[in-house]
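The values are calculated or read from the model by the stated rules, or taken from the named source; none is laboratory data. Predicted model only: the values in this text are computed from it and were never measured. Quick reminder, even Gly has a Cβ in these numbers, built from the backbone with ideal geometry, and neighbours come from all protein chains shown.
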Amino acid sequence: MLTILFDGIAYGMLLFVLACGLAVTLGLMNFVNLAHGAFAMAGGYVTSILTMRMGVPFLATLPIAFAAPALLGLVLERTLYRHLYSRSHLDQVLFCIGLVFMAVAAVDYTMGSQQQFVAIPAWLQGRVEVLGIQMGVYRSFIILVCGVLALALQLVLTRTRFGSRLRAAVDDPRVARGLGINVGAIFAVTFAVGSGLAGFGGALGAELLGLDPTFPLKFMIYFLIVVTVGGTTSITGPFLASLLLGVADVAGKYYVPGFGAFVIYTLMIAVLVVRPQGLFARAR
Amino acid sequence: MIRTSQEAAARLTRRGRWSLPEVVFWAAAAASVVLLPDRYLLLNEIVVIGLFALSLDLILGYAGIVSLGHAAFFGLGAYVAGLLAKHGVADPFLGLGLAAALAAALGLATSFFVLRGTDLTKLMVTLGFALVLAEIANQAAWLTGGADGLQGVVMGPVLGFFEFDIFGRTAYVYSLAVTFALFVVARRIVVSPFGLSLKAIRDNPLRARAVGIPVNRRLVAVYTLSAAYAGVAGALLAQTTQFVSLDVLAFHRSADVLLVLVIGGVGYLYGGLVGAVLFKVLQDNLAAITPQYWHFWIGVLLVILVLVGRDRVAAAPQAVWGRLTGRRSAAPLRLDPKPVEDA
């Protein structure tokens, strides 16, 4: 029981790191970035290649798994995404589906369609028993890292000058621009960081979630659930939503395996119907 | 400017007239039965996808409802028709009818959830419904065959006379005939006052409500109709290929049909059919060059299409069509007005 809770929390933390970039993108520029999963996949593949083929230690690959998608995100944002902010959601969705198709086929072509693995150091493997709860060491590691990250994000967002500018831009881009805030630059940086975080999450989660070319499609819906349920105006909303989703998904798979993914899909529809602006968001 | 109801009626009657290019279009379709005897399988797929895209056009092009989960109805129709045939009810039209009815019922039931909220919410909710349905089909393997697909679909002869042959000739003619019949109905509907009111809703729901159009009821009606059309398309696929797999409910179905419609242009009914021809021919050629990676090029196409401007690209076939039909295209088509910034 507690083990399920523990696994669920680890899963949820991972989802949060994966999805928080999307939350900001959606909240800030009203952009539906369905291709977010592609950045996560990029991070996962970077780590996989570095650890399995080049023998780089796992921990050393994590910064690279952050940097590479971040750079990719920055380039794509400046060249392509930028032109689509003022378009309709349908255009944005079509564009992102196109990107996802390209990413999936490109990875399939270069890496093959089989499942990729990540070499995790021995000291992160195995399980320990604490207070009668079976805890995977790697899952504890994920909870720790993601917890620190979430805390750091929250602090950056609420305590720094950049954070306050970002929040101002989220609340009302037009007024923010009027006050001399460079919304475009802020968005580029945020987009890059969000993509980087997705990549980081992809690298961390490759072991738990599995990694193959269909990753962006498989997890797209999870990210969207986190964002739509959590709302996009804060970090805490998606955070709570991720934890809820993680625990619900793990518990659902454990207790009612026959129902598979229904639980969360139904949950999402229900939340969207009752509260279109998200479960934890304040009504605007 | 329409001033009086007589003027409106006259305009609708004028629009309802069949023009020469339309006749040519359908004549060409009919001629393909004789002229392209070795491509029946591809042609059949084109017609089915064309009908599916037509169903999406009814809601997207005429009522402005975005959907990322239209495969739900397509898949439901396919499974209904497939299961019916598998369990002994082999008459094709009965299968079509039941598929349409059940898809319409699902459309009606879900419309109340879909027609709320912003475009984004609609996209997510439709996507969610499609995923739930795909998951149901996956889990109910005792009924649907699960990942192995539904096998053993045996169809009876069409109208009791025409057996399905191995070359797919009967299948193609059957699909084409059904699609044509449904197209005529859809064409009649969009030039009716009902269709005109849908366009009014698409362009400005607030004003439409103000002039007394029952917005929600109209949207529910067209959504249900569109679901029925998609169900028939799915049923056609199941009956003509005599196989149903989980693929009919997959996400890429919904994405592909959106792409087909976008390629062909939205909001003039022929978009889905024209798009289906272009899409399938493209896919056929791409798949011949790089089998299994053709989705990459579809992705490239989508990205370019959106960056260049969907409206502008779609305006080209529409303009050509408009010139051919001698009809000035009405106001430039604004599909989805920019989301109003929520204050």
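Here are the numbers for this structure:
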quantity	calculated
Count of residues meeting criterion [more than 14 Å from chain A (Cβ to nearest Cβ), of a type outside the set (Phe, Trp, Tyr) and more than 16 Å from residue B:51 (Cα to Cα)] in the range B:61-80	1
The range B:283-305, residues that are facing another protein chain (nearest Cβ under 7 Å), surrounded by fewer than 19 Cβ atoms within 10 Å (Cβ to Cβ) and either more than 21 Å from residue A:94 (Cα to Cα) or modelled with pLDDT under 80 (or both)	B:293
Single residue of B:63, B:104 found to be touching a residue at least 40 places away in the same chain (Cβ under 8 Å), out of contact with any Phe, Trp or Tyr (no Cβ under 7 Å at 6 or more places or on another chain) and closer than 22 Å to residue B:268 by Cβ	B:63
Selection status of residue A:3, at pLDDT below 80, over 30 Å from residue A:172 (Cα atoms) and of a type in the set (S, T, N, Q)	yes
Condition check for residue B:55: under 14 Å from the mean Cα position of the chain (by Cα) and among the polar types (S, T, N, Q)	yes
Conditions (1) more than 21 Å from residue B:299 (Cβ to Cβ); (2) modelled with pLDDT under 85; (3) buried (at least 22 other Cβ atoms within 10 Å of the Cβ); number of the one not met by residue A:70	(2)
Any hit, the range B:47-70, residues being charged (D, E, K, R) and modelled with pLDDT under 90	no
Residue identified as assigned to a helix (DSSP H, G or I), away from chain B (no Cβ under 11 Å) and not hydroxyl-bearing (Ser, Thr, Tyr) among A:99, A:72	A:72
Among (1) over 21 Å from residue B:97 (Cα atoms); (2) within 14 Å of chain A (Cβ to nearest Cβ); (3) surrounded by fewer than 21 Cβ atoms within 10 Å (Cβ to Cβ) - the single one residue B:167 does not satisfy	(2)
Test: residue in the range A:79-89 that is touching a Leu at 6+ places or on another chain (Cβ under 8 Å) and over 30 Å from residue A:176 (Cα atoms)	no
Selected residue (criterion: surrounded by the most Cβ atoms within 10 Å (Cβ to Cβ)) from residues of the range B:240-257 that are assigned to a helix (DSSP H, G or I) and touching a Gly at 6+ places or on another chain (Cβ under 6 Å)	B:249
Test: residue in the range B:128-151 that is more than 14 Å from chain A (Cβ to nearest Cβ), under 16 Å from residue B:236 (Cβ atoms) and surrounded by 17 or more Cβ atoms within 10 Å (Cβ to Cβ)	yes
Number of the condition not met by residue B:86 [criteria: (1) modelled with pLDDT of 80 or more; (2) surrounded by 17 or more Cβ atoms within 10 Å (Cβ to Cβ); (3) closer than 30 Å to residue B:266 by Cα]	(3)
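Condition check ((1) polar (S, T, N, Q); (2) crowded, with 20+ Cβ neighbours inside 10 Å; (3) in contact (Cβ under 8 Å) with a residue 60 or more places away in the chain; (4) not in a helix (DSSP H, G or I)) across all residues:
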position	(1), (2), (3), (4)
A:4	no, no, yes, no
A:14	no, yes, yes, no
A:21	no, yes, yes, no
A:32	no, yes, yes, yes
A:38	no, yes, yes, no
A:47	yes, yes, yes, no
A:52	no, no, yes, no
A:62	no, no, yes, no
A:77	no, yes, yes, no
